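Structure, as structure tokens:
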Amino acid sequence: MSIRQATIDDVGAIGDLIRELAAYERAAHEAVASDEDLAAALFGDVPVVYCHLAEVDGQVVGLALWFLNFSTWLGNTGIYLEDLYVRESFRGLGLGTALMKELAGICAERGYRRLQWSVLDWNTPSIEFYESIGATALDEWTAYRLESEALDAYGADQRPPSAH
């Protein structure tokens, strides 16, 4: 078992794991990112997301996909974990723990003061895992999202002139 940073050669495996995660989360139809989309986001001129992989016997079986965020209250950068996933047949080997420890280590090494993520409220195994490592639920916060047609319509509706 090993944890390593993803390379451009891993894009296909990353896409496969993301689609498996989407199916697990009952949203396979929403996972529309192509390998080209992922390659550009992960390995373009200005990467906007990062990925660490879990391997067993040379096979990629898990991932932690993350990006940087910023807390205005702390005045400090942090990591937002977008996806944490380990293939079902490899769960229980400590791979999720190893991926989370890798990200926590990056936070400690770089002086980041927060590692944050979201979890679906029905995903009891993940919630139990997160609580077992000392994470706390932010029950007082409600996530909102503006996307697709609503985002396009809102962004185009009477947009003020740009200052550029």
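Quick notes on this one:
- Placing a label point 7 Å from the Cα of T77 along the Cα-to-Cβ direction, the residues of the range 96-114 whose backbone N falls under 17 Å of that point are 103-114.
- Applying 0.36 nm per residue to the separation of D16 and I106 and subtracting their alpha-carbon distance, the gain on full extension is 29.9 nm.
- Residue among A137, A150, A108 with the largest mean-square fluctuation in a Gaussian network model of the chain, springs linking Cα atoms under 10 Å: A150
- Each of V61, V119 has some number of other Cβ atoms within 10 Å of its Cβ, and from fewest to most they run V119, V61.
- Loop-resident chymotrypsin sites (Phe, Trp or Tyr not before Pro) (DSSP state other than H, G, I, E or B) in the range 1-103 with no more than 10 further Cβ atoms inside 10 Å of their Cβ: W73.
- Global geometry of the range 19-164, whether rounded, prolate or oblate, following the gyration tensor of its Cα atoms and the 1.5 cut on a/c: prolate
- Volume per residue of the C-alpha convex hull in the range 1-77, rounded to whole Å³: 124
- About the Cα centre, charge dipole magnitude for the chain (Lys/Arg +1, Asp/Glu -1 at Cβ), debye: 580
- Going from the fewest other Cβ atoms within 10 Å to the most, the residues L21, L63 appear in the order L21, L63.
- Note on H52, H29: ascending count of other Cβ atoms within 10 Å places them as H29, H52, the fewest first.
No value in this document is a laboratory result; all are computed from the given coordinates. These numbers were taken from a predicted model, which means no experiment stands behind them. Note: ideal-geometry Cβ built from the backbone for every residue, glycine included; neighbour counts use all protein chains shown.
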